[in-house]
Amino acid sequence: MKKKDVSEAMQGRLSSRVPKDPLMHTLGWTKWKRAFESSELPEEKKYFNHAHRSRIQSDFLNIKKRDDEGVIEFEQRFTTLSYHVSYLVPDERTRIDMFIGALRGVYADKMIGIIYLTFLDVVGAAMAIKTRGTYSARP
């Protein structure tokens, strides 16, 4: 079997496992997500109801890095929660500031006052603090 045939066969297998949602194909992802989270639906028909959204929002606003948690694990938890409350993180600068504030302790002390251009830079700086014990973004 040729490489192309294998690829097509795998694609067919994978696509057959994904449930077809006609609403998503008609609306597109952005509109479908808005309909999925819509406040206009009756509470019992929502997948992402008000109580769940409030709990995730509260979890995100109170997120702090635990002492027994690595930087990568914390970043994953932060990113997952921020995805669900994207209205609280409208831009990269806000995301960076909230992440640094949630790191606490030695991380926040060493990272505050440094201008980071991307979220990836912040995560890298936090990892460097953990591995080397110190970090300086300045040359």
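Could you tell me whether THR30 is open to solvent by 70 Å² or more (accessible area, probe 1.4 Å), over 24 Å from the mean Cα position of the chain (by Cα) and at pLDDT 60 or above? Give the steps one after another, and end with the answer.
Values: open to solvent by 70 Å² or more (accessible area, probe 1.4 Å): yes; over 24 Å from the mean Cα position of the chain (by Cα): no; at pLDDT 60 or above: yes.
No, not satisfied.
Could you pull out every one of the helices (runs of 4 or more DSSP H) wholly within region 66-139 that has 2 or more residues that are open to solvent by 80 Å² or more (accessible area, probe 1.4 Å) and β-branched (Val, Ile, Thr)?
Working: elements: 71-84, 92-103, 105-111, 119-132.
In region 66-139, no matching helices (runs of 4 or more DSSP H) lie anywhere.
The values are calculated or read from the model by the stated rules, or taken from the named source; none is laboratory data. The model shown is predicted, which means the values in this text are computed figures rather than measured ones. Accessible surface is based on the protein model in full, side chains and every heavy atom, while ligands, DNA and RNA are left aside. Shrake-Rupley method; radii C 1.70, N 1.55, O 1.52, S 1.80 Å.
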